[in-house]
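Input: a single structure, listed below in structure tokens.
The values are calculated or read from the model by the stated rules, or taken from the named source; none is laboratory data. Since the model is a prediction, treat every value here as computed from it, not as a measurement. Every residue, glycine among them, receives a Cβ derived from its backbone with ideal geometry; neighbour counts consider all protein chains shown.
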Amino acid sequence: MTKPNGPRCNLDCTYCYYLEKDRLYPDTKKFRMSDEVLEVFVRDYIASQRRAGAPEIWFSWQGGEPTMLGVGFFETVVELQKKYCPDGGVIRNALQTNGTLIDDEWAAFFKKNEFLIGLSIDGPKDLHDHYRVDRRELPTFDKVMAGLETLKRHEVEFNALVVVNRQNSRRPRDVYRFLKENGVEFMQFIPLVERSADGETLAGAPQQDDEGIKAKVTPWSVLPKAYGDFLVSIFDEWIKADVGKIFVQFFDVQLGLWMGGPAGLCWFAETCGQGLAMEHNGDLYACDHYVYPEYLLGNITETPMDELVSSPAQTQFGQDKRDSLPKKCVECRFKFACNGGCPKHRFLDTPDKEPGLNYFCASYMRFFKHAAPYLRTMADLAHRGQPPAGVMEIVRQHKERASGATKPKAKPGRNTPCPCGSGRKFKACCGRVKA
């Protein structure tokens with residue numbers, strides 16, 4: 001992903017981990033990607049993706065808040081993509097935004113150029129505004145909703161990204177139903193956990209030798225049990241009536257894994273290292289969650305991008321996800337669906353005092369144990385060439401049987417056709433009085 005204006009943002013969300021990244025560049029007054037860096041990036045990224053045989057080339061724009069750069073910046077992006085994309089190449093753009101600056105000009109641009117928009121919104125007004133405030137500490141919900149309605153009016157494809165935090169994790173159904181009621185069909189629920197910084201320096205890069213379960217997290221971090229309950233509550237809503245209608249990233253990724261496919265999200269892959277992050281000046285880091293000096297790979301204006309991506313340091317970074325798994329994870333029956341989760345979250349100790357246990361281990365276990373029968377059923381349906389949405393009817397029937405709601409059919413009338421299918425009247429067939 002690319003951060004063309006670095007950590008610069010018009011909001012000041014309480015839980016944002018990226019605003020402090022301006023300390024990485026203390027001498028930088030203006031966080032804006034230069035025309036030179038932008039052209040090098042677009043040119044080299046397209047070339048590298050073509051060499052890799054990618055059928056589609058995806059650009060992911062994040063921040064900070066990328067819309068602060070103005071429509072003109074992204075018009076230049078599109079022009080450069082057309083310039084360097086060979087005939088027959090397919091370019092896609094995804095942009096993550098807080099939505100507060102989206103107006104008709106932005107929405108028309110997104111629609112015309114087929115941008116996929118990720119809209120950050122944390123649920124109903126009281127939940128959203130609890131942490132997502134502007135630099136004057138004023139609420140932002142109304143502006144975000146105005147942006148959402150503008151996207152819908154221009155028929156821009158978008159999804160909602162919900163940061164699951166200490167507050168909204170307590171009301172999962174409210175969050176899910178709110179999104180549905182506002183026409184959101186694609187949802188991401190990203191759990192928030194941040195260890196406390198000392199207030200003077202950057203929060204440390206995630207390590208695997210911290211003090212285990214004593215690790216301190218911020219007051220807005222979601223608790224493991226709460227996140228597990230959050231996933232289960234929303235899953236129960238989704239499995240009843242929304243499979244195939246509402247798409248929840250976590251559930252879709254898990255279904256793919258339970259079908260034996262590759263992980264659709266780096267968190268649950270065996271190895272990682274493909275989700276690199278590029279700063280406004282061309283500095284390339286190992287991962288969006290590892291934008292720290294020790295994980296700087298180099299600069300794309302000085303070293304070809306391919307060399308940085310395939311460097312020994314990055315290869316090792318990706319393999320460490322697999323090689324550093326504690327024994328508890330290696331032997332876990334759900335390893336195929338988790339693979340230890342994101343390394344950023346592995347800062348607890350196992351019961352055997354082995355480091356590297358994921359903070360969300362209990363969350364995932366809660367979900368896997370609850371959802372396993374449904375995921376297996378959906379996977380079986382898919383393998384038989386049937387839509388996984390068929391699970392909803394199975395769930396309905398099971399619920400009726402469990403509750404005793406299935407009532408015996410009423411006895412046919414004497415002159416009605418016999419239910420056995422003989423073609424005779426019931427009184428002359430199965431309904432005859434026997435001597």
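Below is a table of values for the structure above.
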read-out	value
Filter result (touching a residue at least 12 places away in the same chain (Cβ under 8 Å) and surrounded by fewer than 17 Cβ atoms within 10 Å (Cβ to Cβ)) within the range 110-123	Lys111, Asn113, Glu114
Residues (of a type outside the set (Lys, Arg), within 18 Å of Pro343 (Cα to Cα) and part of a helix (DSSP H, G or I)) located in the range 311-324	Ala313, Gln314, Thr315, Gln316, Phe317, Gly318, Gln319, Asp320, Asp323
Qualifying residues in the range 296-310 (those that are β-branched (Val, Ile, Thr) and in a loop (DSSP other than H, G, I, E, B)) - the one farthest from Gly282 (Cα to Cα)	Thr303
Residue match in the range 356-370 (condition: farther than 21 Å from Leu325 by Cβ, surrounded by fewer than 18 Cβ atoms within 10 Å (Cβ to Cβ) and either of a type in the set (Ser, Thr, Tyr) or touching a residue at least 40 places away in the same chain (Cβ under 8 Å) (or both))	yes
The range 274-295 - residue that is at pLDDT below 95 and not in a helix (DSSP H, G or I) and, of those, surrounded by the fewest Cβ atoms within 10 Å (Cβ to Cβ)	Gln274
Unique match (being over 23 Å from the mean Cα position of the chain (by Cα), more than 30 Å from Tyr25 (Cα to Cα) and either surrounded by 15 or more Cβ atoms within 10 Å (Cβ to Cβ) or at pLDDT 95 or above (or both)) among Asp142, Asp126	Asp142
Pair list, Cβ < 7 Å and 6+ apart or interchain, from the range 16-44 residues that are in a helix (DSSP H, G or I) to residues that are at pLDDT below 80 and surrounded by fewer than 16 Cβ atoms within 10 Å (Cβ to Cβ)	Glu20/Leu202; Arg23/Leu202
Single condition Thr218 does not satisfy, out of (1) at pLDDT 95 or above; (2) over 15 Å from the mean Cα position of the chain (by Cα)	(1)
From Glu270, Glu237, residue being in a loop (DSSP other than H, G, I, E, B), within 22 Å of Tyr364 (Cα to Cα) and either in contact (Cβ under 8 Å) with a residue 24 or more places away in the chain or touching a strand residue (DSSP E or B) at 6+ places or on another chain (Cβ under 9 Å) (or both)	Glu270
